[in-house]
1. Once each part is reduced to its C-alpha centroid, what is the distance from segment 71-143 to segment 189-236 in angstrom?
2. Using Cβ contacts closer than 10 Å as the measure, can you line up ASP53, ASP297, ASP344 from fewest to most?
3. Rounded, prolate or oblate for segment 94-348? Axes are the square roots of the Cα gyration tensor eigenvalues, ordered a ≥ b ≥ c, and the cut-off for rounded is a/c under 1.5.
4. As I understand it, the dipole of segment 317-457 uses +1 on the Cβ of Lys and Arg and -1 on the Cβ of Asp and Glu, about the Cα centre. Which of MET360, LEU349, PRO329 lies farthest toward its positive end?
5. When the dipole is taken about the Cα centre of segment 94-348, and only Lys, Arg (+1) and Asp, Glu (-1) are charged at their Cβ, what size is it in debye, to the nearest 20?
6. Using R₀ = 25 Å, calculate the FRET efficiency as 1/(1 + (r/R₀)^6) where r is the Cβ-Cβ separation of ALA98 and HIS56; round to 0.05.
7. Place a point 7 Å from Cα of ILE160 in the direction of its Cβ. Which residues in segment 169-203 have their backbone N less than 12 Å from it?
8. If you keep only loop residues by DSSP, which trypsin sites (Lys or Arg not before Pro) in segment 157-207 have at most 10 other Cβ atoms within 10 Å of their Cβ?
Amino acid sequence: MPDNLSLRSLLVDAAERGIAYREAGAARRVAPSPEAVAAATKFIEPMPDIGADEKHVLAMLDEVGSPATVMMTGPRYFGFVIGGSLPVTVATNWLTTAWDQNVGMHEVTPITSTLELVAMDWMIDLFGLPAGTAASFVTGATIANFTALAAARNRVYSDIGWNVEADGLIGAPPVTLIVSEESHPTVFKSLGLLGFGRNRVVRAPVDGQGRIDASRFPAVKGPTIICTQAGNVNTGAFDPIADICDVAKPKGAWVHVDGAFGLWAAASADRSHLCSGFAAADSWATDAHKWLNVPYDSGIAFVRDTAALKSAMSITAEYLMTETRFRNPSDFTPELSRRARGVDVWAALKSLGKQGVAAMIDRCCSHARRFAAGFEEAGFDVLNDVVLNQVLVSFGDDATNRKIIDEIQKDGTCWCGVTVWQKKTAMRISVCNWSTSADDVDRSLEAIIRIAREHCS
């Protein structure tokens, strides 16, 4: 067991290595070199009989592991909707890891529970959600969708007199599940985890941008849960959620919004119109490790019906200190044991303020439009209306697109991903990093266009 001097030396070493990694991010190639990836096989060995020195373990992890990472925290990573983690949130993440609080009950973890509550209230205000909405701090949008839909399952069954928490789904009356044709796969995964099944859904038709077509929305009859989308993962488009709520809510349906990144548009005066009417929904899911740029993992579920969420998630046991005048976080999350995710969210919101969050959203959207303009000027096809931070570009046929994307990733200047959207293969650019600059966009455009022209000629 290390003494205090050894502990300090080890942690200072780790901090210095972490700082050096982050400082090198802007200059480093985004994809690791083939040699760095090959060197990672050094970790593949039998478990040693005798433990290694702690500093040797850390050095190996940094010297062999760090070069083999994809620079997702860097300003030219555009492959998935991934934030770069604000410096203040990296710092608070380190501190809360040192605290090592298991955020389950307020009486046991008062500071982290309080900070979650503050962060929850701030986001409810920022997004314009109804007063009294409850929130769950979870791993990401997958579990945020699951958590919100668990509350939905509880409520719609309660409305027809079935106690799903006690009696389960065997013999339960059917519930209609309406989803978009372009719902994210995590929605289907959540429905499977909840026992509804991934395929037993009614798919609502979409338009040419991937939005649900309200004019062709399926009829709502009986107990119904509707899954909508704020920010299509390919195009950034928003479903007409206000129109859907107008039709569905009078019939008792629960309307859920998968807003993994799109919900943050509500923080921007220039883009809040995209979220107009969203407050009429019943639940919302989002990520903080996307556009709020906190470290992984961090997602949040918001549910209007606090009682339904608490009924679906709460836990009791003789040894748990569940009696409190405050909010027990474990009453609102699938996990009993979990880290203090809310601290990083609080730190980001506290350091940015409303104006800083809005500026970050607007800056990323401006960069997306800059990408689109550059591609169009170069003669390539931008497939989507760039309403948010997502850009889809095509350089030709399926094989050409895949070859060019592969070469772009190998080049290392930036990292963009492949997608197939409405039967078209395309390159997807997601601008989500707080540190991306116009120069990063221009540098990436130069590399992408150069590589594309080499393979289109």
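Bear in mind that the values in this text are calculations on the coordinates, not laboratory data. Worth saying up front: this structure is predicted, and the values here are computed from it rather than measured. Note that we place each Cβ from the backbone using ideal geometry, even for glycine, and neighbour counts take in every protein chain shown.
1. Answer, in whole Å: 27.
2. Numbers: ASP53 9, ASP297 16, ASP344 31.
Least to most surrounded, the residues fall as ASP53, ASP297, ASP344.
3. Since a/c reaches 1.5 but b/c is at least a/b, the shape of segment 94-348 is classed as oblate.
4. Looking along the dipole axis, the top candidate is PRO329.
5. On the way: 20 positive and 26 negative charges, 100 e Å.
Computed charge dipole of segment 94-348: roughly 480 debye.
6. On the way: r = 22 Å, r/R0 = 0.88.
About 0.70, to the nearest 0.05.
7. 171-177
8. Counting only loop positions with at most 10 other Cβ atoms within 10 Å, none of the trypsin sites (Lys or Arg not before Pro) in segment 157-207 qualifies.
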